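Reading through the structure tokens given below for one structure.
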Amino acid sequence: MSNKQQANDEIDQHVIQIEPWGKDDLDILKKTLGNPETTRYLGGPESDEQLARRQVRYERLTDEGKGRMFKIVHVATGKAVGSVGYWDTSHNGEDIYEAGWLVVPAFQGKGIASKATALAIAQARLDGKYRFLHAFPSVENQPSNAVCRKLGLTLIEECEFEYPKGHFMRCNDWCIDLSVDNSKLA
């Protein structure tokens, strides 16, 4: 096998697509937001009851016109390997989209979060509701901060952020202007 073919095979192993969140996607939440490893920067895992409520919110998000949630699908296996999305919020008195993503541990470190987040940002740009999209990863979450940097988001400031309710953490406020076509997005 040539080096070029081997490189192409390695790339193909990590091809993903995003699909709209559906009624059968609770298992993805259990593997991500219910997992201590994937929530170590988010205040810990959510209970089954919290996950069930979140599932309902995710299912309704698009229909209510308040954003979009997607499952990240690993094309080679057809398996859901995470979630990515954006939703309406306000920050510093401005209406914005906030973005978030999670990838199951076995698929972390392979560029999947960056690829999926780039696709979600492209969709937010098409939706055209808000000019700005922000992400608020913990200052300690180097992989998520790297996703923001790689995709061309601008680091605005370090700030205090409440997530989940009652839990405050130090976050980086990253922002991208959706009115500008950013060719850095992968």
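Those strands (runs of 3 or more DSSP E) of segment 120-186 in which at least 2 residues are under 18 Å from Gly67 (Cβ atoms) and modelled with pLDDT of 95 or more, considering only elements entirely within it, cover 132-135, 168-177. Pairs are defined by a Cβ separation below 8 Å, a sequence spacing of at least 6 or placement on different chains, a first member in segment 136-153 that is surrounded by fewer than 19 Cβ atoms within 10 Å (Cβ to Cβ), and a second member that is in a loop (DSSP other than H, G, I, E, B) and among the charged types (D, E, K, R); the pairs so defined are Lys150/Lys184; Gly152/Lys184. Given the structure, is Leu133 of a type in the set (A, V, I, L, M, F, W, C) and touching a Ser or Thr at 6+ places or on another chain (Cβ under 7 Å)? No. Quick check, is Ala122 under 14 Å from Ile176 (Cα atoms) and touching a residue at least 60 places away in the same chain (Cβ under 8 Å)? When the stated conditions are applied, Ala122 passes them. Within segment 81-95, the residues that satisfy the criterion of being closer than 17 Å to Leu29 by Cβ and in contact (Cβ under 8 Å) with a residue 60 or more places away in the chain are Val81, Ser83, Val84, Gly85.
Among the candidates Gly100, Gly109, single out the residue that is surrounded by fewer than 22 Cβ atoms within 10 Å (Cβ to Cβ), within 26 Å of Thr38 (Cα to Cα), in contact with a strand residue (DSSP E or B) (Cβ under 7 Å, 6 or more places away or on another chain) and of a type in the set (Gly, Ala, Ser).
Matching residue, one of Gly100, Gly109: Gly100.
Looking across segment 50-79, the residues that are surrounded by fewer than 20 Cβ atoms within 10 Å (Cβ to Cβ) and not in a helix (DSSP H, G or I) come down to Thr62, Asp63, Glu64, Gly65, Lys66, Val73, Val75, Ala76, Thr77, Gly78, Lys79.
The values are calculated or read from the model by the stated rules, or taken from the named source; none is laboratory data. Small disclaimer: the values here were computed from a predicted structure and weren't measured. Glycine gets a Cβ as well: all are built from the backbone with ideal geometry, and neighbour counts include every protein chain shown.
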